[in-house]
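Okay, so here's the structure we're looking at.
Any read-out appearing in this document is the output of simple, stated calculations on the displayed coordinates, not a laboratory observation. Just so you know, these numbers come straight off a predicted model, no measurement behind them. Backbone-built Cβ (ideal geometry, glycine too); neighbour counts: all protein chains shown.
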Amino acid sequence: MQPDLPRRHFTVDEVLRMVETGVLQEDEHVELLWGELVEVSPQGPLHSVLIRRLTRQFLQAYDTRFGVDAQLPLSVGAGSLPEPDFAVFRIPAGEDPTAHPRGADALLVVEVSVTSQRLDRLKAGLYAAGGVPVYWLLDVEARQLHVFREPDGERYTAESVLQEADLVDLPGLDLRWRVDALLA
């Protein structure tokens, strides 16, 4: 058992400098969460298939009215730069090529959980603190969609658990999808 030792927390700017200077590689399986670099598992085939399919669905639904990022950084605070499976956001006028989209610009953030349910549930606090209004956790194993709404500090005050036959509203659109359309 490792003793609880003091830890050095990092900021987003420090980690981005580490990437720029080659200390960290862009393809390393880590995310900056709560000021710490957290190892994330590589994607298995099922996760990859779902990401490809959902990418097509999100791009078709949101077309050019909103930005849709797949597995790219989302700025949610000075100490966290998660890479959610999907982020749908308003495209600001004069998009800044030196900054990642911010949680406050997002309409929706989605994590597809095949083996990462525990970490993805913890990330809800990051997304709430970052101002993300709606967070979906797609639990592939349980075949459920957890919908988090109404961020208040580091938590969401509303959570619904939807089953396969249930319908979910797409934020910013007059469109609903069945939950089973999100699953393999």
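Among the trypsin sites (Lys or Arg not before Pro) in region 124-184, those placed in a DSSP loop whose Cβ has at most 16 other Cβ atoms within 10 Å are ARG143. Taking all Cα pairs closer than 8 Å and separated by 6 or more residues, the relative contact order of the chain comes to 14 percent. Measuring r between the beta carbons of THR11 and ALA165 and using R0 = 45 Å, the FRET efficiency lands at 0.55.
Ordering PRO171, GLN43, ALA142 by Cα displacement along the dipole of region 43-181 toward the positive end leaves GLN43 in first place; charges were set at the Cβ atoms of Lys, Arg (+1) and Asp, Glu (-1). Dipole size of region 87-184 about its Cα centre, with +1 on Lys/Arg Cβ and -1 on Asp/Glu Cβ: approximately 100 debye, rounded to the nearest 20.
How about region 1-108: which trypsin sites (Lys or Arg not before Pro) there lie in a loop by DSSP and see at most 15 other Cβ atoms within 10 Å?
On the way: sites: ARG7, ARG8, ARG17, ARG52, ARG53, ARG56, ARG65, ARG90, ARG102; in loops: ARG7, ARG8, ARG65, ARG90.
Answer in residue order: ARG7, ARG8, ARG65, ARG90.
Structural size metrics of the chain, computed from C-alpha coordinates, are Rg and Dmax of 16.4, 52 Å. For VAL30, the amide hydrogen comes within under 5 Å of the amide hydrogens of VAL40, counting only partners 5 or more places away or on other chains and with H modelled in the peptide plane. Counting only Cα atoms, region 40-136 measures 37, 31, 23 Å along its principal axes, largest extent leading. Within the chain, the whole DSSP H helices whose Cα atoms reach 20 Å or more along their own axis and whose mean Kyte-Doolittle score is at least 0.0 are 45-62.
Backbone phi angles across region 98-115, fed through the Karplus curve with coefficients 6.51, -1.76 and 1.60 (θ = phi - 60°), yield HN-Hα couplings of 9, 9, 7, x, 9, x, 5, 8, 6, 9, 7, 10, 10, 10, 9, 9, 9, 10 Hz in residue order; Gly and Pro are listed as x.
If R0 is 45 Å, the Cβ-Cβ spacing of LEU59 and VAL23 corresponds to a FRET efficiency of close to 0.85. Net charge of the neighbourhood of TRP177, taken over other residues with C-beta under 11 Å away and scored Lys/Arg +1, Asp/Glu -1, is -1.
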